[in-house]
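A.B. asks: Take a look at this one; I'll ask things after.
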Amino acid sequence: MVVLESEGGDTNHLSTDGDKLETKLPNLLTLEIFRITKDAQQQHGLRHADYQRYRGYCSRRLRRLRKVLKIPQGDRRHYRRRDVTAAHLTAANAENRLLCVPLLQAERAWAHAMQLRQEANTEPRKKFHLVSRLKKAYAHAQTLMQLCESGVCDARTQLEAGAYAAWLGGVLLLELQQWRAAADSLQRAQLVLDKLCAALPDDERHVYKQKVEELKPSLRYCAYNIGDQSAAGDLLAMRGQGLIENLDTLMAQAKESRSGVMHEIEWRGRRVTVRPEKVRLFLIALQDFDKSVQNAQSVEAKIEILENILMDCKDAISALKDEIKNDPKLKTAPETQMPSISYLLSYLMYLRLMRTIERNNLLVQQAEEARKKNTQIDGKKVRPQDLTRLYEIILQNYTELQQLPGFDNDADYQKEIETAMKAYRAFRCYYIAQVLTGLRRFREALAMLERSSNYTSESIANKLDDKELLQKLEMLQKDIESCKFEVHADSVLEDDEEDEEIKYTSSGKPYKDKKPLVDRLDEYREDTQVLTKNPNIYKLPPPMEAIPCKPLFFDLACNFIEFPNLDDKTGAANGKKQGAGITGLVKGFLGWGKTDK
């Protein structure tokens, strides 16, 4: 064995056996950046979006690392900045934890920026501090990337450092609203992460795939601001899936900056000025709403998008009510201005109720499909009662629409609402009839079916504007006719089975008569329940019965009546006198009874 030593201190072992060359290369530093940061974030606050807690963890971790690695920044009295350099990485005692110092510095600055973003909702001045923190994080990420590319790290660490720096650069450019540069930076990070996913084994791909999914909303938002109109539907779909927050406000601000400020709306032949900014942004974001719902692939996705829109509409209504309540100018405004604000409030309430009705119709559609396929929703089987309740909620929403302020005397508006209510009353009566059929109340079921048929005929004759609802009514009319025959047949079978012990419900399940044995002694019946531990012989406790009450008399007057003295008639007075004479004689003779005067 011949041992050679190179100038750089590397030792190369040359083996003479078999002309084999064995080279001992220097150990390369490795750092799984995205896995380390993801684990730290999940364990120290970011599972609940607590950026302040994660920022504190980064500071404490940095302090411990600098103490262990012996690169402190001064002593207790003086501060001397000491960064990790390439010299530290090429030293003999170099280790992987040296790369954690610039990584944690970048994470700490980024966490501080995200904390400031949460606080900037109420304090707009903190946005400037937010940008400076993001610049600091990007600078530390650039330092980490330069250290990894100095030749002391393996290829995977270099790729991860480049992707991390590109991601932080994209976040900074997004905040600065430099959309094209931000898109380029984020696409570069996405490309590197995709390559890493393809090269790594399956058990290590999860973190990188999750990071790629996190980049998609930001990329589509950049494309939307650059001018890609097809990105709007994708963004709203992502928002419905919970992948991005505050999207409507951001998109509305972008559209407002491009197409001008939305100052007024027109509804039912009247123009209304829109003053509150929150209301204006909501109305701008609502313009792409119908397209996003149509592009949604499933009923569940449509319901989620509608629920998010309803939350935004509720916030806009609250903002308008607060302005009406708190603005002194509106309180002292003349009567000509107040109706316009009330009209705008009625318009927002109309939008909220109509979107609620649309969401409930989707819930009805989902329940009807599950009932036809005999599947469950949230672990429960769909019953006719559930559909009845949904239609009842829809009718309540239409009742609120009838009572909107300012539309009591609008005949056309009231006629439209009443026509729609008749259509939904037809569906409600139909499902109530199904409930009554299940309870074996066939007469009431037939009456409800007849009423549903009348409502359906009236609604079709009035020619509804909603074509989809009109088609459903035509299908309902056919279902009502078939259901009438079924109910009539069940009622005939019920009459034939009245004398039988076991009867059957509409679902085919038998049920037994619950009369106790004492009430059916004149009937012979082989009842096996009598032989069980809980025989139905007598109902205990017995039912309460009404009985006549015995009156009670209390003689209270005798305490206040003076009765006459009847001693002279009974002879009791003569006995008293005789007794008194004999006693006096004895007392006088013996000297008893004398008193000294």
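A.B. asks: When you scan region 68-82, do you find a residue that is on the phi > 0 side of the Ramachandran plot, open to solvent by less than 50 Å² (accessible area, probe 1.4 Å), modelled with pLDDT under 90 and over 48 Å from the mean Cα position of the chain (by Cα), even just one?
C.D. replies: Yes, some residue in region 68-82 is on the phi > 0 side of the Ramachandran plot, open to solvent by less than 50 Å² (accessible area, probe 1.4 Å), modelled with pLDDT under 90 and over 48 Å from the mean Cα position of the chain (by Cα).
A.B. asks: Quick check, is residue 122 in a helix (DSSP H, G or I) and within 44 Å of the chain's Cα centre (by Cα)? Give the derivation first.
C.D. replies: Numbers: in a helix (DSSP H, G or I): no; within 44 Å of the chain's Cα centre (by Cα): yes.
No; evaluated as a whole, the condition is false for this residue.
A.B. asks: Further question on the same structure: Could you give every pair whose Cβ atoms fall below 8 Å, whose first residue belongs to region 431-451 and is among the small types (Gly, Ala, Ser), and whose second residue is open to solvent by 60 Å² or more (accessible area, probe 1.4 Å) and part of a loop (DSSP other than H, G, I, E, B), counting only separations of at least 6 or pairs across chains?
C.D. replies: Hits for this filter: 438/506; 438/507.
A.B. asks: Here's a follow-up. What is the residue count in region 109-125 for residues that are surrounded by fewer than 22 Cβ atoms within 10 Å (Cβ to Cβ) and free of Cβ contacts under 8 Å to residues at least 60 places away in the same chain?
C.D. replies: Matching residues across region 109-125 total 9.
A.B. asks: Ok, one more. Would a scan of region 127-148 turn up a residue that is outside any helix (DSSP H, G or I) and closer than 17 Å to residue 85 by Cα?
C.D. replies: No, region 127-148 has no match at all.
A.B. asks: Still on this structure, I have one more. Those residues that are within 60 Å of the chain's Cα centre (by Cα) and of a type in the set (Asp, Glu), I need them from region 523-573; list them, please.
C.D. replies: Selection gives 523, 526, 527, 545.
A.B. asks: For the structure I just gave you, tell me whether residue 94 is in contact (Cβ under 8 Å) with a residue 60 or more places away in the chain, surrounded by 15 or more Cβ atoms within 10 Å (Cβ to Cβ), outside any helix (DSSP H, G or I) and not aromatic (Phe, Trp, Tyr). Quick ask: steps written out before the conclusion?
C.D. replies: Numbers: in contact (Cβ under 8 Å) with a residue 60 or more places away in the chain: yes; surrounded by 15 or more Cβ atoms within 10 Å (Cβ to Cβ): yes; outside any helix (DSSP H, G or I): yes; not aromatic (Phe, Trp, Tyr): yes.
The answer is yes for residue 94.
A.B. asks: Next question, about the same structure. Out of curiosity, is residue 379 surrounded by 14 or more Cβ atoms within 10 Å (Cβ to Cβ) and of a type in the set (Gly, Ala, Ser)? Reasoning before the result, please.
C.D. replies: Numbers: surrounded by 14 or more Cβ atoms within 10 Å (Cβ to Cβ): no; of a type in the set (Gly, Ala, Ser): yes.
Considered against the rule, which asks whether it is surrounded by 14 or more Cβ atoms within 10 Å (Cβ to Cβ) and of a type in the set (Gly, Ala, Ser), residue 379 comes out as no.
A.B. asks: What is the number of the single condition among (1) at pLDDT below 75; (2) surrounded by 19 or more Cβ atoms within 10 Å (Cβ to Cβ) that residue 313 does not meet?
C.D. replies: Just one mismatch for residue 313, condition (1).
A.B. asks: Taking residue 335, is it surrounded by 14 or more Cβ atoms within 10 Å (Cβ to Cβ), more than 26 Å from residue 292 (Cα to Cα) and at pLDDT below 85? Break it down stepwise before answering.
C.D. replies: Numbers: surrounded by 14 or more Cβ atoms within 10 Å (Cβ to Cβ): no; more than 26 Å from residue 292 (Cα to Cα): yes; at pLDDT below 85: yes.
Considered against the rule, which asks whether it is surrounded by 14 or more Cβ atoms within 10 Å (Cβ to Cβ), more than 26 Å from residue 292 (Cα to Cα) and at pLDDT below 85, residue 335 comes out as no.
A.B. asks: Do we find that residue 44 is open to solvent by less than 90 Å² (accessible area, probe 1.4 Å) and either among the acidic types (Asp, Glu) or within 35 Å of the chain's Cα centre (by Cα) (or both) in this structure?
C.D. replies: Details: open to solvent by less than 90 Å² (accessible area, probe 1.4 Å): yes; either among the acidic types (Asp, Glu) or within 35 Å of the chain's Cα centre (by Cα) (or both): yes.
In short, yes.
A.B. asks: Taking the stated definitions as given, is residue 464 open to solvent by less than 50 Å² (accessible area, probe 1.4 Å) and outside any helix (DSSP H, G or I)?
C.D. replies: yes
A.B. asks: Of all the residues that make up region 181-204, how many are open to solvent by 60 Å² or more (accessible area, probe 1.4 Å) and either of a type outside the set (Lys, Arg) or outside any helix (DSSP H, G or I) (or both)?
C.D. replies: Final tally of qualifying residues: 10.
A.B. asks: For region 407-420, state whether one or more residues are open to solvent by less than 20 Å² (accessible area, probe 1.4 Å) and touching an Asp or Glu at 6+ places or on another chain (Cβ under 8 Å).
C.D. replies: Yes, region 407-420 contains at least one residue that is open to solvent by less than 20 Å² (accessible area, probe 1.4 Å) and touching an Asp or Glu at 6+ places or on another chain (Cβ under 8 Å).
A.B. asks: I'm checking my understanding of the structure. Among residues of region 498-521 that are part of a loop (DSSP other than H, G, I, E, B) and either farther than 27 Å from residue 440 by Cα or among the hydrophobic types (A, V, I, L, M, F, W, C) (or both), which one is modelled with the lowest pLDDT?
C.D. replies: The first filter runs over region 498-521 and keeps only residues part of a loop (DSSP other than H, G, I, E, B), leaving 498-502, 505-509, 512-516, 520-521.
In the following step, the residues that additionally are either farther than 27 Å from residue 440 by Cα or among the hydrophobic types (A, V, I, L, M, F, W, C) (or both) were identified as 502, 521.
Numbers: 502: 48, 521: 85.
Checked region 498-521; the qualifying residue modelled with the lowest pLDDT is 502.
A.B. asks: Oh, and also: Which residues, counting only those in region 449-461, are over 14 Å from residue 482 (Cα atoms) and under 38 Å from the mean Cα position of the chain (by Cα)?
C.D. replies: 451, 455, 456, 459, 460
A.B. asks: In addition: Can you name every one of the helices (runs of 4 or more DSSP H) wholly within region 276-327 that holds 3 or more residues which are touching a residue at least 40 places away in the same chain (Cβ under 8 Å) and of a type in the set (Gly, Ala, Ser)?
C.D. replies: 299-326
A.B. asks: Given the residues 105, 146, which is the only one that is under 25 Å from residue 64 (Cα atoms) and loosely packed, with under 15 Cβ neighbours inside 10 Å?
C.D. replies: Just one listed residue meets the conditions, 146.
A.B. asks: Something else now. Counting only residues that are of a type in the set (Lys, Arg) and touching a helix residue (DSSP H, G or I) at 6+ places or on another chain (Cβ under 8 Å), give me the helices (runs of 4 or more DSSP H) lying completely in region 365-461 with at least 3 of them.
C.D. replies: The helices (runs of 4 or more DSSP H) meeting that bar are 411-438.
A.B. asks: With the structure loaded, tell me whether residue 89 is buried (at least 18 other Cβ atoms within 10 Å of the Cβ), in contact (Cβ under 8 Å) with a residue 60 or more places away in the chain and not in a helix (DSSP H, G or I) or whether it fails that test.
C.D. replies: Considered against the rule, which asks whether it is buried (at least 18 other Cβ atoms within 10 Å of the Cβ), in contact (Cβ under 8 Å) with a residue 60 or more places away in the chain and not in a helix (DSSP H, G or I), residue 89 comes out as no.
A.B. asks: Follow-up. Does residue 393 meet the test of being without any contact (Cβ under 8 Å) to a residue 60 or more places away in the chain, open to solvent by 20 Å² or more (accessible area, probe 1.4 Å) and under 22 Å from residue 466 (Cβ atoms)? Break it down into steps so the answer makes sense when it comes.
C.D. replies: Values: without any contact (Cβ under 8 Å) to a residue 60 or more places away in the chain: yes; open to solvent by 20 Å² or more (accessible area, probe 1.4 Å): yes; under 22 Å from residue 466 (Cβ atoms): yes.
Spelling it out, residue 393 is indeed without any contact (Cβ under 8 Å) to a residue 60 or more places away in the chain, open to solvent by 20 Å² or more (accessible area, probe 1.4 Å) and under 22 Å from residue 466 (Cβ atoms).
A.B. asks: Considering 533, 569, which residue is modelled with pLDDT of 80 or more, in a helix (DSSP H, G or I), basic (Lys, Arg) and open to solvent by 90 Å² or more (accessible area, probe 1.4 Å)?
C.D. replies: 569
A.B. asks: So is residue 562 in a loop (DSSP other than H, G, I, E, B), under 30 Å from residue 383 (Cβ atoms) and either at pLDDT 65 or above or open to solvent by 60 Å² or more (accessible area, probe 1.4 Å) (or both) or not?
C.D. replies: Working: in a loop (DSSP other than H, G, I, E, B): yes; under 30 Å from residue 383 (Cβ atoms): no; either at pLDDT 65 or above or open to solvent by 60 Å² or more (accessible area, probe 1.4 Å) (or both): yes.
For residue 562, the condition - in a loop (DSSP other than H, G, I, E, B), under 30 Å from residue 383 (Cβ atoms) and either at pLDDT 65 or above or open to solvent by 60 Å² or more (accessible area, probe 1.4 Å) (or both) - is not met.
The values are calculated or read from the model by the stated rules, or taken from the named source; none is laboratory data. Quantities reported herein were computed from a predicted structural model and do not represent experimental measurements. Don't worry about glycine lacking a Cβ; one is built from the backbone with ideal geometry, like all the others, and counts go over all protein chains shown. Areas reflect the complete protein model, heavy atoms only, side chains present, ligands, DNA and RNA absent. Shrake-Rupley method; radii C 1.70, N 1.55, O 1.52, S 1.80 Å.
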